[in-house]
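**Q** If you scroll down you'll find the structure; I have some questions about it.
The values are calculated or read from the model by the stated rules, or taken from the named source; none is laboratory data. From a predicted model like this one, the values you see are computed outputs, not experimental measurements. Here the Cβ is made from the backbone with ideal geometry for all residues, glycine too, and neighbour counts use every protein chain on show. Just the protein is used for accessible areas: all its heavy atoms, side chains included, with ligands, DNA and RNA removed. Shrake-Rupley method; radii C 1.70, N 1.55, O 1.52, S 1.80 Å.
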Amino acid sequence: MSSKMPWVDILKGIGIVFVVYGHFYSGTLRDAIFLFHMPLFFILSGYLFKPRSQLVEYAGSKASHLLVPYFSFLIIIYLVMLGHAFVNGGVSLEMAWKSITDILLGGRALDGDLSAFWFVTCLFLSQQMVNVLVNRLRQCWVVAILMLCVVVGYLNQYVARAIWLPWNANVVVIAAPFFYLGYCIRMLSYPWNGAWVQSMAWGVSVLGMIAMGLAPELMRVDMKYALYGLPLAGLLVAIAMTTILAGIAEAMAGSRTLQALLGPLGRASMTIMFLHYPLQGVWRSYLPTSGLIGVLGMGMSLLFPWLMHWLLNKTWLTQRLFLGSGGNRTGRSHQMPLPVA
């Protein structure tokens, strides 16, 4: 679908650059990026969502697109981590058992080099939830249920943030409303570049950034750990920033040069999501993240996964295992670049 809408690949490219930056650096800009970088992907996933009445078939299709690459990358990275531990002091039975339980639990159990993996299972669960709702209920009931989900999400944040579910299923109560919003935007032909839409989005975003400067702890967002910012304000800022970036992406789509620069990153965003964190971990172990060296490190954590994506797309088996592809044995891929729903 994104091939018919170049701005989608550009927006994914912009989004994944923000993700990589936010995980590589610290500071005020990083905190600002966290206000919107993951909501952007949930909203865009919903924008590309096509409801399927065959619920089991839909779940199987999305499991192939999302969960097969998830487990393929997860197992390989874990094996590398265990191999490194073995070389540097041995692997205990306790460590091996923890690795197995972490793989099964996902979500918050995956930290360090695997910190970004929570998004994929949360996206999968959000897809399934919204697909069931839109196929089984009237729109008014869907909206009511998702509004209740938002309330539950804020209760999780303020009352019981230590409580979390496998695959970060507790975060679905916020992710699914973002996802459904993206779907509604597509159905309503929401004008990303409309003057009044962009004006409102800029106004909300500026107010959100001011609020973050005045009360950073109140506005702090980290969806993985059930931190959603100030109630409603955090959601509105995420929606506003996504709107601004979507408008920018639509404008950029008129330039073949920008399409050539950001489009490939967007189409490889799944692979970049999986691989950038371990690469950044290796970089931090030996090199600084500041100055020109740091810029090179961030570039490496974008370009190396892109190269890996290009290589994995060369064979039918690697397409299936690592790219969530619907390709065939000729090596031609009908690829599912993040975040298609």
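**Q** For the stretch 21-56, which residues satisfy the criterion of being of a type in the set (A, V, I, L, M), touching a residue at least 60 places away in the same chain (Cβ under 8 Å) and farther than 19 Å from residue 122 by Cα?
**A** 32 - this is the single residue of the stretch 21-56 that is of a type in the set (A, V, I, L, M), touching a residue at least 60 places away in the same chain (Cβ under 8 Å) and farther than 19 Å from residue 122 by Cα.
**Q** Just a yes or no: is a residue in the stretch 69-88 among the hydroxyl-bearing types (Ser, Thr, Tyr) and more than 15 Å from the chain's Cα centre (by Cα)? Step through it out loud before you land on a result.
**A** Within the stretch 69-88, the first condition is being among the hydroxyl-bearing types (Ser, Thr, Tyr), and the residues that meet it are 70, 72, 78.
Then drop every residue that is not more than 15 Å from the chain's Cα centre (by Cα), which leaves 72, 78.
Yes, some residue in the stretch 69-88 is among the hydroxyl-bearing types (Ser, Thr, Tyr) and more than 15 Å from the chain's Cα centre (by Cα).
**Q** One residue is enough: does the stretch 191-207 have a residue meeting the conditions surrounded by 13 or more Cβ atoms within 10 Å (Cβ to Cβ), assigned to a helix (DSSP H, G or I) and touching a strand residue (DSSP E or B) at 6+ places or on another chain (Cβ under 7 Å)? Steps first, answer last, please.
**A** Step one: list which residues in the stretch 191-207 are surrounded by 13 or more Cβ atoms within 10 Å (Cβ to Cβ), which gives 191-194, 197-198, 200-202, 204-205, 207.
Subset that is assigned to a helix (DSSP H, G or I): 197-198, 200-202, 204-205, 207.
Of the ones still in play, those that are also touching a strand residue (DSSP E or B) at 6+ places or on another chain (Cβ under 7 Å) are none.
For the stretch 191-207, residues surrounded by 13 or more Cβ atoms within 10 Å (Cβ to Cβ), assigned to a helix (DSSP H, G or I) and touching a strand residue (DSSP E or B) at 6+ places or on another chain (Cβ under 7 Å): absent.
**Q** Kindly indicate the residue of the stretch 124-151 that is open to solvent by 20 Å² or more (accessible area, probe 1.4 Å) and polar (S, T, N, Q) and also farthest from residue 235 (Cα to Cα) among those meeting that condition.
**A** Going through the qualifying residues, I end up with 135.
**Q** Okay, next question. Can you name the number of the only condition in (1) modelled with pLDDT under 95; (2) within 22 Å of residue 12 (Cβ to Cβ); (3) surrounded by fewer than 23 Cβ atoms within 10 Å (Cβ to Cβ) that residue 284 fails?
**A** Just one mismatch for residue 284, condition (2).
**Q** Quick check on my filter: what residues within the stretch 267-296 are part of a helix (DSSP H, G or I) and in contact with a Pro (Cβ under 8 Å, 6 or more places away or on another chain)?
**A** Within the stretch 267-296, 267, 269, 270, 271, 272, 274, 275, 276, 279, 294 meet the criteria.
**Q** Of these, 263, 229, which one is open to solvent by less than 20 Å² (accessible area, probe 1.4 Å), touching a strand residue (DSSP E or B) at 6+ places or on another chain (Cβ under 7 Å) and modelled with pLDDT of 95 or more?
**A** Details: 263 fails: touching a strand residue (DSSP E or B) at 6+ places or on another chain (Cβ under 7 Å).
When all the criteria are applied, what remains is 229.
**Q** Which ones in the stretch 34-79 are more than 20 Å from residue 107 (Cα to Cα) and open to solvent by 60 Å² or more (accessible area, probe 1.4 Å)?
**A** Residues satisfying the conditions are 50, 52, 53, 54, 56, 57.
**Q** Follow-up. Looking at the stretch 216-226 only, could you name the residues that are surrounded by fewer than 23 Cβ atoms within 10 Å (Cβ to Cβ) and either more than 20 Å from the chain's Cα centre (by Cα) or assigned to a helix (DSSP H, G or I) (or both)?
**A** 216, 217, 218, 224, 225
**Q** Just give me the residues in the stretch 5-21 being part of a helix (DSSP H, G or I) and surrounded by fewer than 18 Cβ atoms within 10 Å (Cβ to Cβ), in sequence order.
**A** First, pick out the residues of the stretch 5-21 that are part of a helix (DSSP H, G or I): 6-21.
The one that is part of a helix (DSSP H, G or I) and surrounded by fewer than 18 Cβ atoms within 10 Å (Cβ to Cβ): 21.
**Q** Only one residue in 324, 291 is modelled with pLDDT under 95, among the small types (Gly, Ala, Ser) and open to solvent by less than 20 Å² (accessible area, probe 1.4 Å), so which one is that? Break it down stepwise before answering.
**A** On the way: 291 fails: open to solvent by less than 20 Å² (accessible area, probe 1.4 Å).
None of the others qualify; the one that does is 324.
**Q** State yes or no: is residue 94 modelled with pLDDT of 95 or more, open to solvent by 10 Å² or more (accessible area, probe 1.4 Å) and out of contact with any Cys (no Cβ under 6 Å at 6 or more places or on another chain)? Give the derivation first.
**A** On the way: modelled with pLDDT of 95 or more: no; open to solvent by 10 Å² or more (accessible area, probe 1.4 Å): yes; out of contact with any Cys (no Cβ under 6 Å at 6 or more places or on another chain): yes.
It is false that residue 94 is modelled with pLDDT of 95 or more, open to solvent by 10 Å² or more (accessible area, probe 1.4 Å) and out of contact with any Cys (no Cβ under 6 Å at 6 or more places or on another chain).
**Q** Which residues, taken from the stretch 156-176, are more than 21 Å from residue 67 (Cα to Cα) and either without any contact (Cβ under 8 Å) to a residue 40 or more places away in the chain or part of a loop (DSSP other than H, G, I, E, B) (or both)? Steps first, answer last, please.
**A** Within the stretch 156-176, the subset more than 21 Å from residue 67 (Cα to Cα) is 156-163.
Scanning the stretch 156-176 gives 158, 159, 160, 161, 162, 163.
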